[in-house]
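Here, each number is a calculation from the coordinates, and none is a lab measurement. This one's a predicted model, so the numbers in the text were calculated from it and none came from an experiment. Reconstructed Cβ throughout: ideal geometry from the backbone, glycine too, with neighbour counts over all protein chains shown.
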Amino acid sequence: MEWQSQEIKAKHFSQKNLCNPDSFRIHIRIENLDSITGLIYDFPSDSTEYKFSFADLNNDGKLDGLVVFTPDQCDGGNAAEWIQWQVFILSDGENYNVIDTLHLNTFTSKDINYKGFYWLDSISTNKIFGTYFEFKKDDGRCCPTINRPVKFDFTKRELITIGDNFDRK
């Protein structure tokens, strides 16, 4: 809950009572019209929209967590259809830290020029699992041409595998 309060204060998310198309129009800002980053979001109210995974991700002997969700878009539109919030709850030996700024694009090789994005689904010891999506020129909004499972090494901060078949351990 503290993380959510901080996100609302930072204006990354709206207060529940202000997340609706009418409030959006009243509090409209030019950046809300120009990009996905300017959209106003709210936390999903349905608990089934949150996905959880637990494991010792950082190999310190304590359970860590991953929470992912697609935020609600307050203006009533669907431009945020492919946005996923990825929140890691990581132990540091004695306490837990909430991290929502783990940029997986920095885990990939500089020799690879990926133009897509990652949606995460689970973690295991030292590993993060998900799907890589990339839209090609003629793809519809619903259907990226490329979607491949991915596995990252959390400790080494690198992409291990992108492809069709691999062990999720």
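Taken over region 47-132, the alpha-carbon convex hull comes to 118 cubic angstrom per residue. Each residue of region 82-131 gets 98 Å³ once the volume of the Cα convex hull is shared out per residue. Taking the Kirkwood radius as Rh and the Cα radius of gyration as Rg, region 64-107 has a ratio of Rg/Rh equal to 1.11.
Calculate the FRET efficiency for Ser5 and Thr125 from the Cβ-Cβ distance with a Förster distance of 35 Å, rounded to the nearest 0.05. Given R0 = 35 Å and the Cβ-Cβ separation, E is 0.65.
Cα-based values for region 40-95, radius of gyration first and Dmax second, are 14.3, 43 Å.
Straight-line cross-link partners of Lys151 among the lysines, defined as a Cα under 20 Å from its Cα and at least 8 positions apart when in the same chain: Lys51, Lys110, Lys115, Lys127, Lys169.
Note on Asp153 and Ser45: their simple-model spin labels are 4.6 nm apart, each label 7 Å out from Cα toward Cβ.
Pulled fully out, how much extra length does the chain show between Arg141 and Tyr114, if you take 0.36 nm times their separation in residues and subtract their Cα-Cα distance? Don't skip to the end; give the middle numbers.
Numbers: separation 27, 0.36 × 27 = 9.72 nm, distance 1.85 nm.
Net length gain for the segment: 7.9 nm.
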